[in-house]
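Colleague: I have a structure I would like to understand better, so I am pasting it below and will then ask my questions one at a time.
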Amino acid sequence: MQASFRTVVCLAAVLTAVAARADDLKIGLIAPFSGSETAGLEMDNGIKAFFKLHGDVVAGRKVIVISRDAPTPAPDVARRLAQELVTRDKVDVLAGHLFTPTAIAAGQVSTQSKTPMLIMNAATSGILAKFPYTARASFTVAQTTAPLARWVAKNGMKRVFTIVADYAPGIDSENAFQREFVEAGGTMTGSIRVPLDTIDFASYIRRIQDSETGGVFAFLPAPDQAKNFIKAFRDAGLDKKGVKLVVEGGMLQPQITATLDDDAIGIISSQHYSEDHQSQENMAFVEAYKSVSGNRIPTYISVGAFDAMNMLYKAVEAQAGKLDPVKSVEIWRNMKLESPRGPVSFDPQTRDIVQNIYIRRLERKNGILTNVEFETYDAVKDNGKQ
Amino acid sequence: MSPTLLETKRLSKCFGVLRAVDDVSITIPEGARYALIGPNGAGKTTLVSMLSGALSSTSGDITFAGVDLTSAPMHIRVRHGLARTYQITSLFPRLTVREQVALAVFERDGMGWKWLAPRNRMTAQYEEASCLLDLVKLGADADLPVGGLPYGKQRLLEIALGLAARPRLLLLDEPAAGIPSTQSAELFEVIDALPASTAILFIEHDMDLVFRFAKKIIVLMNGQVFMEGTPSEIAGNASVRQIYLGEGGHD
Amino acid sequence: MQFIGVLLDGIAYASLLFIISAGLSITMGLMQFANLAHGAFAMVGGYACVYGMNALGIPYLAMLPLAFLIAGVFGLVLELALYRRLYEASHLTQVLFTVGVLNVSAASAVFLFGAGSQPIHLPPYLQGQISFLDANISTFRLFTVVLVVAMAVVLASIVQLTRFGAQLRCAVDNRRAAIGMGINVDRLMTIAFTFGSALAGLGGALGVQLLGLDPSFAFKYLVYFLLVVVVGGAGSFVGPLLAALIVGILDTASRYYAPETGSFTLYLLMVALLVMFPNGLYGRAR
Amino acid sequence: MTRRLAAAACILAPLCYAIALPDYLVFGSQILVMALLAISLDLLVGYAGIATLGHAAFFGAGAYVAGLLSVHGWGEPLTGVLVAACAAGALGIPIGLLTARSGTLARLMITLGIAVLLYETANRAAGITGGADGLQGMEVWPLLGVFDFDLAGKIGFAYAWCTFVLGFILARFVVKSPFGLSLEAIRDNPLRAAGIGIPVKGRLTAAFVISAAIAGAAGAVLAQTTQVVALNVLSVQLSADVLVILIFGGIGRIYGGLIGAALYMGAHHWMSGLSPVYWQFWLGLVLIACAFLAPSGIMGLMAPRAGGRDT
């Protein structure tokens, strides 16, 4: 039995080894690919879109992506995958990570093995501090939430109720919103943290009705929760009673807006990326993305992957084909990019991303519900962990 | 008269409005060979279950060897020397014959909590188990799993299991149920040959066996003790004959 | 007057739980078969409904009976091909098999319909809210309750009034006796399994709106379905109905009156009920 | 004699693995951790006849205790495992008492419910556990003060192997003791077991404690070698996975846990490497095939057990 198992594993090793050659630039991509999570595919398509626009050869090295499935926020799985990618597949750079725990586990491998790592999503504040060879091409929840709180306060809403998913990112966004909103003179009418297995929002909606609030801020990024909450909000007629709904942009990803009806039009959200962003870079990106993904709409996760590739190419080019961990991080922390999401730079101290946060309104555009940007907060830093 | 071993005072068990056992006060002396008889539904098995602790009593007391066991759980009663067998064979199908007798011996010796000592080194207990199996003539089957044993042998194993606890009182609920009458006599020979230090209270429908092996008989009717006496007293009592024997209590 | 609204919301939630779990209760009661993959049949119904509406343009109300039928056919085929061979196997083997079915169904859903959550666009007459006894309740929830109550009445009539129902009750009570009386329990099981799957399919189609639908649906809600059946007592309809009502109403009410307790209320209640009623509210000792 | 050979093979097989597949040591140590968890579950399911869907509660408790110890300044791994095992064992007491009298279904749901409650507690207590972001900042000291946990996982593997061997031997001692025999008796016929003087409730609770302690040790080893603990160690998914691994390997045989973990995780690793999106399909087919072709698990194919069908 042991013997046959070994043949099985060896076979797998052979199969993956055949594809790569010694001078290839290998990326170890750890993300959820199986089950109901789409993030792995979004990252993969973001990388493919980058290849389409910029080729899959950089400084003479062919770029190879080795994908590994980490479907849940399980750090043991991520650490094992990262370790195998580094020691066995000899990848030059680690990448991916939808979830914070997997990013942390792989970050330890990156630190121990001195392998550079590029985080494409994992949006908890302050996780870069412990991992010196790591940079983040995504965002933090606090970064995207705080400007929304300021915008809400500025636009006449004085009383707001917050409802967030009861897990670390949800609590990050609740804290960021409340801090900024109260600082700007607003009053909180209540807050609810919703268990992650919640599907029926009727009771929470009734509670919001009771609070006689002027507005609601929501952060419920799981697709079912986002959809059900928005539907329940509209069904209860809260919008008709003048209650404004504002959400963190993760709640209005394309796969969620596709499940909404016209009565969702008008929801205000904030994020660093909309597929509708008006720029040359974005138009090229969207077109490339659609062509490699079977006409899908890019998401903020695919933009994270796209920009991470951009950062990787720039670092490899600057080092003439090499990817030294210290030098690469040095390059990244001083880098400025023109991304599909807009101008991007990095905080030289924390290495964390600095970017524009856009306030958007959900509208029907070319027949599709789209987040249309109408106001910009320039060069927002992450202030989640102060 | 030997000293009293078991005594019940006004023991009752109600299932809803039904009084299955009603105000039963009996005493059983050490070394007894008692039979418990009565028509179907008289409450015999209920009484035995209450004595062994499988059922809790609604009211009344059970004193065993001077200790109040009225509300003691089953395994405590076994530890005090009050063991039983079951009317419907109830064994451990996946263990071997010897293992389950040894198991009962381990428990009696208080070794059941030993969780790191290899039991195959506990030869004394296994030898005692073998002796018990020889006693009930199961020595040749000791290493077979119980699941495949013929029914008659399972009945014998029931008794060996009961004995393994080295009880001072063994309650036998129809030990010969379901086996041919030729074999049931043999079975009772085995029971009768048990040491005098073990008192026995058995339920049995076959009156020949009852009169042959019991020194004293308790007749239960509608949950109450109808009469108690020696076989000849019982056989000579007209009302018992009419109510119980006359109905042809064999089934 | 939020109280009545909360109550009605809870009943709507309970209706969905009940309609999906009812079939599971029968298979568990009749054959002691632990079908962990029961939710997969709800998924079949859900995907059929979404696909029929979005790709083929079939109206919602027509899709509901179709989802019922399609899930039933799935159940029938799987019962005849696979499930029935394992009725005599140990519970643990059944667990292995049904977990395998769960995995296959999840991967198949990704393959056929993609990974994400499925959209559903209800007809306008089922959207919005209506006032009912001074309380606001969404039209769709009321529709769900009415439909499930109707289904429950049909179920109860079948179980209480028909020959099939009498045989079914007899077989759940005592399978050996039923076989002795000449009842074809295998055939009974096939019918019950098919019908249970069909009900789950209907529940899945109804549930796309309230529960959502994605490839991990069957695994995600497995705990709820089991909870309803085990707390209610396998083998009956009344038990799961009662359990679904308790779970639905209490869960909804605790989220309204004490949102900070989160999902603690539900699971504490489950543990407490099972410690008090180990065989379920309407179960019998086995 | 053959049994001793089998036990020796079980202990030595991981070493062969380490020599044959030196690039997969981290994976190997995770197989050993899962195997140990499955073996601890086998004590409950296979020997005491207690089906549970909440075994992750003990594993996760062990992992969090070891993790918290090391975050708060005590990174010594061996004592960490000991403390974790004790804590998990203590958790076994109330769970054992609560479920001692329940039937199979009720037991499954009660254990599951308690595990979910624990999961929610860990999620809520983000200030202590890090919540969904995971417990960060573990500093694990070198093993025995000498061997630092290396990237390739050599020390981690050796560590996991030693824990596995100790746990395996402990479990083997337990099932071969009078105590183990009494558990089998309770599994076969709890009422009769009480009738021959076995305190059923006490024994089942003790079985829970032993099993929980081993599971907690396994969780602690995983936490220390991963150096992050996240909520997945308490998840229903993990409870279900380990049960499937055990059934797949074969219950009531102690060896089944190792065989099941190696084959199941090997198959998973291989399939998800080849097809990151659709591996679930193939793994599901394997499980379905196993249910039909090897209903007593892989071990059942290799060494049919006396005494008829498993329950």
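The values are calculated or read from the model by the stated rules, or taken from the named source; none is laboratory data. Given the structure is predicted, the values throughout are model-derived calculations rather than measurements. Glycine gets a Cβ as well: all are built from the backbone with ideal geometry, and neighbour counts include every protein chain shown. These accessible areas exclude ligands, DNA and RNA; they are computed on the full protein's heavy atoms, side chains included. Shrake-Rupley method; radii C 1.70, N 1.55, O 1.52, S 1.80 Å.
Colleague: Between A:ASP210 and A:ASP23, what length comes free when the chain is fully extended (0.36 nm per residue of separation minus the Cα-Cα distance, one decimal in nm)? Show your work: numbers first, answer last.
Modeller: On the way: separation 187, 0.36 × 187 = 67.32 nm, distance 6.42 nm.
So the chain would gain 60.9 nm between A:ASP210 and A:ASP23.
Colleague: Using the heavy atoms of the protein chains alone and a 1.4 angstrom probe, what is the accessible area of segment B:90-166 per residue in square angstrom?
Modeller: Numbers: 3150 Å² over 77 residues.
Value returned for segment B:90-166: 41 Å² of accessible area per residue.
Colleague: Sticking with this structure for a sec: Based on the mean of other Cβ atoms within 10 Å per residue, sort peptides C:143-154, B:26-37, B:73-84, D:139-150 so the most packed one is first. Before the final figure, lay out the partial values.
Modeller: Working: C:143-154: 16.0, B:26-37: 19.7, B:73-84: 22.5, D:139-150: 13.2.
Per-residue mean Cβ counts within 10 Å order the peptides as B:73-84, B:26-37, C:143-154, D:139-150.
Colleague: Counting just the Cα atoms, what span does chain B cover along each of its three principal axes? Round to the nearest Å and put the largest first.
Modeller: For chain B, the Cα extents along the three principal axes come out at 58, 40, 38 Å.
Colleague: Related question: Could you give the semi-axes, largest first, of the ellipsoid that matches segment B:89-192, computed as the square roots of 5 times the alpha carbon gyration tensor eigenvalues and rounded to whole Å? Spell out each step's value before the answer.
Modeller: Details: eigenvalues 117, 42, 27 Å².
They are 24, 14, 12 Å, listed from largest to smallest.
Colleague: Right, next: Could you list, in their original order, any pairs among C:LYS220/D:LYS201; A:LYS154/A:LYS381; A:LYS227/A:LYS365 whose Cα atoms are separated by more than 27 Å?
Modeller: On the way: C:LYS220/D:LYS201 33 Å; A:LYS154/A:LYS381 20 Å; A:LYS227/A:LYS365 20 Å.
In this structure, C:LYS220/D:LYS201 exceed 27 Å between Cα atoms.
Colleague: Can you give the charge dipole size of segment D:25-235 about its Cα centre, rounded to the nearest 20 debye, using +1 on the beta carbon of Lys and Arg and -1 on the beta carbon of Asp and Glu? If you can, show how the numbers build up before the last one.
Modeller: Values: 10 positive and 9 negative charges, 169 e Å.
The dipole of segment D:25-235 has a size of about 820 debye.
Colleague: Starting from the Cα-Cα distance between D:LEU5 and D:ILE93, subtract it from 0.36 nm times their residue separation and give me the gain in nm to one decimal. Could the numbers behind the result be given before it?
Modeller: Values: separation 88, 0.36 × 88 = 31.68 nm, distance 3.47 nm.
Contour length minus the Cα-Cα distance gives 28.2 nm.
Colleague: May I ask for the Rg/Rh ratio of segment D:25-235, computed from Cα atoms with Rh as the Kirkwood radius, given to two decimals?
Modeller: Working: Rg = 17.2 Å, Rh = 17.2 Å.
With Rg and the Kirkwood Rh in hand, the quotient comes to 1.00.
Colleague: Computed FRET efficiency, Cβ-Cβ of D:GLU139 and D:ILE19, R0 25 Å: what is it to the nearest 0.05? Numbers along the way, then the final one.
Modeller: On the way: r = 31 Å, r/R0 = 1.24.
After rounding, the FRET efficiency stands at 0.20.
Colleague: Assuming R0 = 41 Å, can you tell me the calculated FRET efficiency for the pair A:VAL57 and A:VAL372, based on Cβ-Cβ distance, to the nearest 0.05? Could the numbers behind the result be given before it?
Modeller: Details: r = 37 Å, r/R0 = 0.90.
Using R0 = 41 Å, I get an efficiency of 0.65.
Colleague: Suppose we flag trypsin sites (Lys or Arg not before Pro) only when DSSP calls them loop and at most 11 other Cβ atoms lie within 10 Å. Which is the longest uninterrupted stretch of chain A? Display every interim value, and only then the final one.
Modeller: On the way: sites that count: A:ARG21, A:LYS240, A:LYS241.
For trypsin sites (Lys or Arg not before Pro) (loop position, at most 11 other Cβ atoms within 10 Å), the longest site-free span of chain A is A:22-239.
Colleague: Starting from the 7 Å offset along Cα-to-Cβ, what nm value, one decimal, do you get for the label separation of C:LEU56 and C:LEU69?
Modeller: 0.9
Colleague: If you don't mind, there's one more thing I want to ask. When the Kirkwood radius is taken over all Cα pairs of segment B:19-118, what Stokes-Einstein diffusion coefficient follows at 37 °C and 0.692 mPa s, in µm²/s? Provide the component values of the computation, followed by the final result.
Modeller: Values: Rh = 15.8 Å.
It comes out at roughly 208 µm²/s.
Colleague: If you roll a 1.4 angstrom probe over the protein chains with everything in place, what fraction of the accessible area of chain A belongs to carbon and sulfur, to the nearest %?
Modeller: Working: 6900 of 12930 Å².
Within chain A, the accessible surface is 53 percent carbon and sulfur.
Colleague: Determine the total buried accessible area between chain D and chain B, counting protein heavy atoms only with a 1.4 Å probe; round to the nearest 100 Å².
Modeller: Values: alone 14920 and 12050 Å², together 23990 Å².
That pair hides around 3000 Å² of surface in total.
Colleague: Could you check how much of the accessible area of chain B is carbon and sulfur, as a whole percent, using a 1.4 Å probe? Provide the component values of the computation, followed by the final result.
Modeller: On the way: 5560 of 10570 Å².
Carbon and sulfur atoms account for 53 percent of the accessible area of chain B.
Colleague: Aspartates and glutamates near B:LYS9 by alpha-carbon distance under 13 Å, same-chain residues fewer than 8 away left out - which ones?
Modeller: B:ASP22, B:ASP23, B:ASP61, B:ASP68
Colleague: Pick from D:CYS86, D:CYS162, D:CYS16: which is most flexible by mean-square fluctuation in a GNM of chain D where alpha carbon atoms under 10 Å apart are linked?
Modeller: Answer for the Gaussian network model of chain D: D:CYS16.
Colleague: So between D:GLN237 and D:LEU82, what do we pick up on full extension, going 0.36 nm a residue minus the alpha carbon distance?
Modeller: Details: separation 155, 0.36 × 155 = 55.80 nm, distance 2.57 nm.
Separation in residues times 0.36 nm, less the Cα-Cα distance, equals 53.2 nm.
Colleague: Can I ask one more? Quick one: if you stick a label point 7 Å off each Cα along the C-beta vector at A:MET283 and B:ALA140, how many nm between them?
Modeller: Each label point is offset 7 Å from its Cα along the Cβ direction, giving 9.9 nm.
Colleague: Any chance you could check the Cα centroid distance between segment D:196-215 and segment A:87-110 for me, in angstrom?
Modeller: Taking the Cα centre of each part, segment D:196-215 and segment A:87-110 sit 42 Å apart.
Colleague: Let me ask something additional. So what is the relative contact order of chain A, in percent, for Cα pairs below 8 Å that sit 6 or more residues apart? Walk me through the numbers on the way to the answer.
Modeller: Values: 771 pairs, mean separation 68.6, N = 386.
Relative contact order here is 18 percent.
Colleague: Structure shown: which of A:LYS130/A:LYS314; B:LYS137/B:LYS215; A:LYS52/A:LYS322; A:LYS90/D:LYS154; A:LYS52/A:LYS231; A:LYS26/A:LYS52 lie over 27 Å apart, alpha-carbon to alpha-carbon? Could the numbers behind the result be given before it?
Modeller: Values: A:LYS130/A:LYS314 24 Å; B:LYS137/B:LYS215 25 Å; A:LYS52/A:LYS322 22 Å; A:LYS90/D:LYS154 17 Å; A:LYS52/A:LYS231 38 Å; A:LYS26/A:LYS52 17 Å.
From the list (A:LYS130/A:LYS314; B:LYS137/B:LYS215; A:LYS52/A:LYS322; A:LYS90/D:LYS154; A:LYS52/A:LYS231; A:LYS26/A:LYS52), the Cα-Cα distance tops 27 Å for A:LYS52/A:LYS231.
Colleague: Using alpha-carbon pairs under 8 Å, 6+ residues apart, how would you state the relative contact order of segment D:133-224 in percent? Kindly include the intermediate steps, with their values, before the conclusion.
Modeller: Details: 34 pairs, mean separation 24.4, N = 92.
After rounding, I find 26 percent.
Colleague: Right, here's the next one. Counting each DSSP H run of 4 or more residues in chain C as -39500 (n - 2.57), what helix-only mean residue ellipticity at 222 nm follows after dividing by all residues, to the nearest 500 deg cm²/dmol? All intermediate terms of the calculation are to be shown ahead of the outcome.
Modeller: Working: 12 runs with 206 residues, N = 286.
When only DSSP H runs of four or more count, the value is -24000 deg cm²/dmol.
Colleague: State, as an integer percentage, the relative contact order of segment B:1-150 based on alpha-carbon contacts under 8 Å between residues 6 or more apart. Walk me through the numbers before you get to the answer.
Modeller: Numbers: 181 pairs, mean separation 28.5, N = 150.
Here the relative contact order equals 19 percent.
Colleague: Given the -39500 (n - 2.57) contribution per DSSP H run of 4+ residues, what per-residue ellipticity at 222 nm results for chain D, rounded to the nearest 500 deg cm²/dmol? Mind showing how you got there, number by number?
Modeller: Details: 14 runs with 222 residues, N = 311.
When only DSSP H runs of four or more count, the value is -23500 deg cm²/dmol.
Colleague: Now, a different point. For an R0 of 30 angstrom, estimate the FRET efficiency from the Cβ-Cβ distance between D:ILE169 and C:ALA272 and round to the nearest 0.05.
Modeller: Values: r = 39 Å, r/R0 = 1.30.
Rounded to the nearest 0.05, the efficiency is 0.15.
Colleague: List the aspartates and glutamates whose Cα lies under 19 Å from the Cα of A:LYS327, skipping any in the same chain that are fewer than 8 positions away.
Modeller: By straight Cα distance, A:LYS327 reaches A:ASP92, A:ASP307, A:GLU317, A:ASP347, A:ASP352.
Colleague: Further question on the same structure: In segment C:224-250, which residues have a backbone nitrogen under 15 Å from the label point lying 7 Å from C:VAL149's Cα in the Cα-to-Cβ direction?
Modeller: Hits in segment C:224-250 for C:VAL149 at 15 Å: C:245.
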